[in-house]
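Novice: Structure below; questions to follow.
The values are calculated or read from the model by the stated rules, or taken from the named source; none is laboratory data. Quantities reported herein were computed from a predicted structural model and do not represent experimental measurements. Positions of Cβ are generated from backbone atoms using ideal geometry, with glycine treated the same way; all protein chains shown enter the neighbour counts. Surface areas here come from the heavy atoms of the whole protein model, side chains and all, with no ligands, DNA or RNA. Shrake-Rupley method; radii C 1.70, N 1.55, O 1.52, S 1.80 Å.
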Amino acid sequence: MTNIPRLNVVVLISGEGTNLQALIDAEKTGKINTRIQAVFSDRPEAPGIKRANRANIPTHYLARSDFPNRATYELELASHIDSYEPGLIVLAGFMKVLGAGFVRHFCGKIINIHPSLLPRYRGLDTHRRVLEEGDEKHGATVHFVTEELDGGPRIIQYCIPIKAKESEAELAQRVHEGEYIILPQAVAWLASQRLTLEGSNVILDDQKLEGPILIEDKHERSP
């Protein structure tokens, strides 16, 4: 493992960048064998940009509104990303849906962190929707990105039981804490060449996963 070169990573964000910070911290402590080459944001005021600046990581801002259509925007974004020759692109709270051309260009090299136990609750407002449905469990998923929104092969999930009378904000915070565990773990597997995508199959340690690796928080039980 020591002879494996560091994995060049580009991270895309739109907001606070807390999952970016989890990756920065994991890289600094040697938990992931990566080199975060650049951070891209679609919002100039995204707080995550400051996190990248503090870590001396180059940052870029590209606004969809500056381009005539999504195709030209994504071509420009892909070109900038390609200049860093990344082995992995991480969508860490990037709120733009990426088109088929972009996804195909980086096929097998893009992962996303999504705040639900996929395939349940794709899209937005997952915490509110879970509470409205009265679900007993919630969590987060790291998956490979495909042309299907939040539908790519799942790698790892973090699952928590929902507490009685738990607010949306409280639930979101507990899910975030799980995200900071599973996203660096997935990146660590990729960086150590233990994890690959072959067709639609997730391969970990030369074995096809029949479902995502599941990490359960059993310490938080509903009364």
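Novice: Please state which of the following conditions Leu62 fails to meet, knowing it meets all the rest: (1) at pLDDT below 95; (2) over 21 Å from His105 (Cα atoms).
Specialist: Among (1) at pLDDT below 95; (2) over 21 Å from His105 (Cα atoms), Leu62 violates only (2).
Novice: Looking for whichever is closer than 30 Å to Ser167 by Cα, hydrophobic (A, V, I, L, M, F, W, C) and either within 15 Å of the chain's Cα centre (by Cα) or open to solvent by less than 50 Å² (accessible area, probe 1.4 Å) (or both) here; the options are Ile81, Ile155. Which one fits? Outline the logic, then answer.
Specialist: Details: Ile81 fails: closer than 30 Å to Ser167 by Cα.
None of the other options fit; the residue is Ile155.
Novice: Restrict the check to the stretch 141-163 and report whether at least one residue is in a helix (DSSP H, G or I) and in contact (Cβ under 8 Å) with a residue 60 or more places away in the chain.
Specialist: Within the stretch 141-163, the first condition is being in a helix (DSSP H, G or I), and the residues that meet it are none.
No, because not a single residue in the stretch 141-163 is in a helix (DSSP H, G or I) and in contact (Cβ under 8 Å) with a residue 60 or more places away in the chain.
Novice: Based on this model, can you work out whether Arg43 counts as part of a loop (DSSP other than H, G, I, E, B) and out of contact with any Leu (no Cβ under 9 Å at 6 or more places or on another chain)? Full working, then the answer.
Specialist: Numbers: part of a loop (DSSP other than H, G, I, E, B): yes; out of contact with any Leu (no Cβ under 9 Å at 6 or more places or on another chain): yes.
Spelling it out, Arg43 is indeed part of a loop (DSSP other than H, G, I, E, B) and out of contact with any Leu (no Cβ under 9 Å at 6 or more places or on another chain).
Novice: Of everything in the stretch 89-127, what is assigned to a helix (DSSP H, G or I) and either of a type in the set (A, V, I, L, M, F, W, C) or open to solvent by less than 20 Å² (accessible area, probe 1.4 Å) (or both)? Give them in sequence order. If you could, list the steps in order and put the result at the bottom.
Specialist: Keep residues of the stretch 89-127 that are assigned to a helix (DSSP H, G or I), which gives 100-105, 126-127.
If the condition is that a residue be assigned to a helix (DSSP H, G or I) and either of a type in the set (A, V, I, L, M, F, W, C) or open to solvent by less than 20 Å² (accessible area, probe 1.4 Å) (or both), then Ala100, Phe102, Val103, Thr126 are the ones that fit.
Novice: Moving on. Does Val175 count as surrounded by 15 or more Cβ atoms within 10 Å (Cβ to Cβ) and assigned to a helix (DSSP H, G or I)?
Specialist: Values: surrounded by 15 or more Cβ atoms within 10 Å (Cβ to Cβ): yes; assigned to a helix (DSSP H, G or I): yes.
Yes; evaluated as a whole, the condition is true for this residue.
Novice: If you check Leu183 against the conditions, is it open to solvent by less than 20 Å² (accessible area, probe 1.4 Å), over 14 Å from Ile113 (Cα atoms) and in a helix (DSSP H, G or I)? Explain how you work it out, then say what you get.
Specialist: Numbers: open to solvent by less than 20 Å² (accessible area, probe 1.4 Å): yes; over 14 Å from Ile113 (Cα atoms): no; in a helix (DSSP H, G or I): yes.
Taking the combined requirement at face value, the residue does not satisfy it.
Novice: Also: Give the stretch 158-172 a look and list any residue that's within 15 Å of Tyr121 (Cβ to Cβ) and either charged (D, E, K, R) or open to solvent by 30 Å² or more (accessible area, probe 1.4 Å) (or both), or say none.
Specialist: Applying the first criterion (within 15 Å of Tyr121 (Cβ to Cβ)) to the stretch 158-172 yields 158-160, 162, 168, 171-172.
Within the stretch 158-172, just Glu168 meets the criteria.
Novice: Within the stretch 20-60, which residues are open to solvent by 10 Å² or more (accessible area, probe 1.4 Å), hydroxyl-bearing (Ser, Thr, Tyr) and within 17 Å of Leu88 (Cα to Cα)?
Specialist: Within the stretch 20-60, Thr59 is the sole residue that qualifies.
Novice: Does Gly15 meet the test of being closer than 15 Å to Ala92 by Cα, outside any helix (DSSP H, G or I) and out of contact with any Phe, Trp or Tyr (no Cβ under 8 Å at 6 or more places or on another chain)? Outline the logic, then answer.
Specialist: Values: closer than 15 Å to Ala92 by Cα: yes; outside any helix (DSSP H, G or I): yes; out of contact with any Phe, Trp or Tyr (no Cβ under 8 Å at 6 or more places or on another chain): yes.
Taking the combined requirement at face value, the residue satisfies it.
Novice: Go through the stretch 1-12 and give me each residue that's assigned to a loop (DSSP other than H, G, I, E, B), touching a helix residue (DSSP H, G or I) at 6+ places or on another chain (Cβ under 8 Å) and either under 16 Å from Ile89 (Cβ atoms) or modelled with pLDDT of 95 or more (or both).
Specialist: Answer for the stretch 1-12, where residues must be assigned to a loop (DSSP other than H, G, I, E, B), touching a helix residue (DSSP H, G or I) at 6+ places or on another chain (Cβ under 8 Å) and either under 16 Å from Ile89 (Cβ atoms) or modelled with pLDDT of 95 or more (or both): just Arg6.
Novice: Looking only at the stretch 128-150, which residues are of a type in the set (Asp, Glu), open to solvent by 60 Å² or more (accessible area, probe 1.4 Å) and closer than 28 Å to Gly199 by Cα?
Specialist: Matches in the stretch 128-150: Glu147, Glu148.
Novice: To continue, here is another question. Counting only residues that are in a loop (DSSP other than H, G, I, E, B) and of a type in the set (A, V, I, L, M), how many does the stretch 62-88 have? Can you show your working first?
Specialist: The first filter runs over the stretch 62-88 and keeps only residues in a loop (DSSP other than H, G, I, E, B), leaving 62-63, 67-69, 83-87.
Retained after the next criterion (residues that are of a type in the set (A, V, I, L, M)): 62-63.
Residues that pass the stated criteria total 2.
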